[in-house]
Amino acid sequence: MSKAKKPDQVVFNEATQRYDASLKPFATNVGAPSIQVSDTSSWKDRNVHKANKQIQAKYVELKAAYDQMVEELEYNTLVYNARYNFEPIVGETYHLYRDTHDAPFLSILTPDSNNFDYIGSFQLTSELLWKKVAH
């Protein structure tokens, strides 16, 4: 059985055997404006650049926070592994030195009152972490 081909301008749905031009989401007659695909490459380039800048800024921020945490961990480990013969009080400032054998020890003596090798001053926080403070 041969089917007669419809002209190109006629919108006929072979599956439903109906004319359904009015149901299409786009214009179907010859006089309708043509569908143009707009060039979005400049929009993409501009927004890719903005997105990359935001991601880079977030990365730098996270890396700085990570580096800060690693430094705090190293100081915390150094002070907790130091030698001291007293129980530190939360909120007080203590001073870390190296003795003649290069072993770290914690003291209440300020750096200007002795001749030990001064490492830094630390304060015990309420979370029981050692925080480096300026002397």
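Data overview
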| item | result |
| --- | --- |
| 1 or more residues touching a residue at least 40 places away in the same chain (Cβ under 8 Å): qualifying strands (runs of 3 or more DSSP E) within segment 72-124 | 93-98, 117-124 |
| Residue selected from segment 1-51 under the condition of a type in the set (Asp, Glu) and either in a loop (DSSP other than H, G, I, E, B) or modelled with pLDDT under 80 (or both), by the criterion least open to solvent (accessible area, probe 1.4 Å) | 20 |
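The values are calculated or read from the model by the stated rules, or taken from the named source; none is laboratory data. Since the structure is predicted, the reported quantities are computational estimates derived from the model, not experimental observations. Virtual Cβ from ideal backbone geometry, glycine too; neighbours counted across all protein chains shown. Quick note on the areas: whole protein, heavy atoms, side chains included, nothing else; ligands and nucleic acids left out. Shrake-Rupley method; radii C 1.70, N 1.55, O 1.52, S 1.80 Å.
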